[in-house]
Every structure is written in structure tokens, then in C-alpha cells.
Amino acid sequence: MRVAGLLLAAGAGRRFGTPKALVPLDGKLFVDSAAELLRAAGCEPVVVVLGARAGEVRAKAALDGVTVVDNPHWETGMGSSLRTGLHAIGTADAVLVLPVDTPGVTVAALHRLMELAEPNVLARATYDGEIGHPVLIGSGHFAGVMASAAGDQGARDYLKANTVRHVECADVADGADVDRPEDLRPGNQAT
């Protein structure tokens with residue numbers, strides 16, 4: 001099964017004070033760490049969707065071995081970035097969708113979802129029973145997700161309307177979103 005990686009990194013990070021793609025953690029930008037994570041898990045291709053301050057992200061980030069696309073409508077929310085990214089994926093059996101602001105996700109968590117990859121799958125990581133990211137979307141659902149993705153909801157409405165497998169990952173990863181600087185874990189402070 002060919003599993004693509006889709007990194008959503010277009011937001012302005014208003015609550016954080018800067019686009020989260022540009023947040024440094026342990027010597028790397030969030031966008032580079034997340035893209036490297038998807039590549040390390042074996043995702044092919046890895047598509048990174050940029051929006052807010054895209055030129056600055058391109059100038060500061062390495063973005064090695066990935067396809068970078070711009071979402072001209074990034075201000076409308078995650079839904080447009082999801083559509084932009086899915087259009088750029090090309091042929092894949094499934095795609096792992098990861099937002100840039102989940103630095104505690106690990107290759108082990110990605111592999112748990114990737115084991116379920118097939119064209120009709122919908123699966124998402126859970127952490128102690130709480131739904132989180134990444135989300136695995138089979139190619140048979142791409143059109144439906146693109147049709148329903150709007151605003152900041154991303155694929156939420158589509159996932160609610162369909163059967164989704166929940167994959168517990170709390171034993172191998174931390175799925176917490178980093179929305180504000182104080183959300184960064186002690187010892188992982190931005191530098």
C-alpha cells in the first residue's frame with residue numbers, strides 16, 4: 001500500500017503569535033520536524049501545505065525531500081489546506097494527515113495507522129480515548145473529504161458521518177496540540 005503524508009502547515013498561529021511552521025523546537029522548525037517524521041515513517045510522497053508567511057517558511061525551513069504547495073486561501077481555515085494537499089497527493093492508497101502543531105507524534109504512532117492503510121479506510125489516533133492526529137484517509141474517501149472540508153473543521157464533519165477506526169497511541173506518542181507558547185512541554189521550550 002502506498003501511503004502519502006500530508007502536513008498541514010498553512011495557519012497564521014494567531015494564538016501562538018506566529019505561524020507554527022516557524023516555531024523552533026530542539027533546534028528545528030516545527031515544519032521540518034513534522035515533515036521529517038512523515039518521511040521517516042515511510043510516507044511517499046510527503047506534501048507540505050503552506051499559507052501564512054509562506055515565503056519566510058520556505059526561506060528558513062529545509063523542507064528536504066517533500067513537495068511544498070501553497071494554499072492561496074489559507075485564511076479560510078484548515079479545510080482549504082486539506083483540499084489543496086489532497087489535490088497535490090497524486091496517486092496513493094491512503095494519506096496520513098498531520099497538523100504541524102503536534103510535535104509529540106512519533107513514527108510508532110504513524111506506523112500504527114499505516115498498518116490499516118487501504119482505499120476504504122478512515123482511522124485516527126486517540127490518546128487515552130481522546131481523538132487526535134494523525135488521521136488516515138483512504139483514497140476512496142478523498143472526494144468526499146474534499147467536498148465536505150470547510151473552514152477550520154477540516155475533515156471533522158466527514159469523519160463524524162462515516163465509520164472511523166480509533167487507534168490508541170498514548171503509549172507511544174503525545175498527541176497534544178501546541179496552540180500557545182505555554183503548551184510546549186518543559187524541556188522542549190522554543191529557543
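Of all beta bridges that DSSP places with both ends in the stretch 3-180, some 40 percent have antiparallel geometry. With θ taken as phi - 60° and the Karplus curve 6.51 cos²θ - 1.76 cosθ + 1.60 applied, the whole-hertz 3J(HN,Hα) list for the stretch 7-15 is 9, 8, 9, 9, x, 7, x, 4, 5 Hz, x standing for glycine and proline.
Of the residues 126, 167, 146, the one whose Cα sits farthest towards the positive end of the charge dipole of the stretch 106-174 is 146 (charges of +1 on Lys and Arg Cβ, -1 on Asp and Glu Cβ, taken about the Cα centre).
Among 172, 31, 121, the largest mean-square fluctuation in a Gaussian network model of the chain, built with springs joining Cα atoms closer than 10 Å, belongs to 172. Which one, 24, 103, 45, has the greatest fluctuation when you compute a Gaussian network model over the chain with C-alpha springs under 10 angstrom? Evaluated over the chain, the most mobile residue of the options is 24. So for the chain, what percent of the C-alpha to C-alpha distances run longer than 19 Å? Roughly 54 percent, rounded to a whole number.
Per residue, the chain reaches -7500 deg cm²/dmol at 222 nm when only DSSP H runs of four or more residues are counted, each adding -39500 (n - 2.57).
Amide H contacts under 5 Å for residue 170: 128, restricted to partners 5 or more places along the chain or on a different chain, H placed in the peptide plane at 1.01 Å from N. Under a Gaussian network description of the chain, with springs only between Cα atoms under 10 Å, the residue in 148, 80, 139 that fluctuates furthest is 148. Taking amide H as placed 1.01 Å from N in the peptide plane, the amide H of residue 100 sits under 5 Å from that of 8, each at least 5 places away or on another chain. Using alpha carbon centroids, what distance separates the stretch 83-102 and the stretch 42-63, in Å? Cα centroid of the stretch 83-102 versus Cα centroid of the stretch 42-63: 13 Å apart.
Each reported figure results from applying straightforward, stated rules to the coordinates on display, with no laboratory input. Keep in mind that what you see is a predicted model, and the values were worked out from it rather than measured. Please note: Cβ atoms are built from the backbone with ideal geometry, for glycine as well, and neighbour counts cover all protein chains shown.
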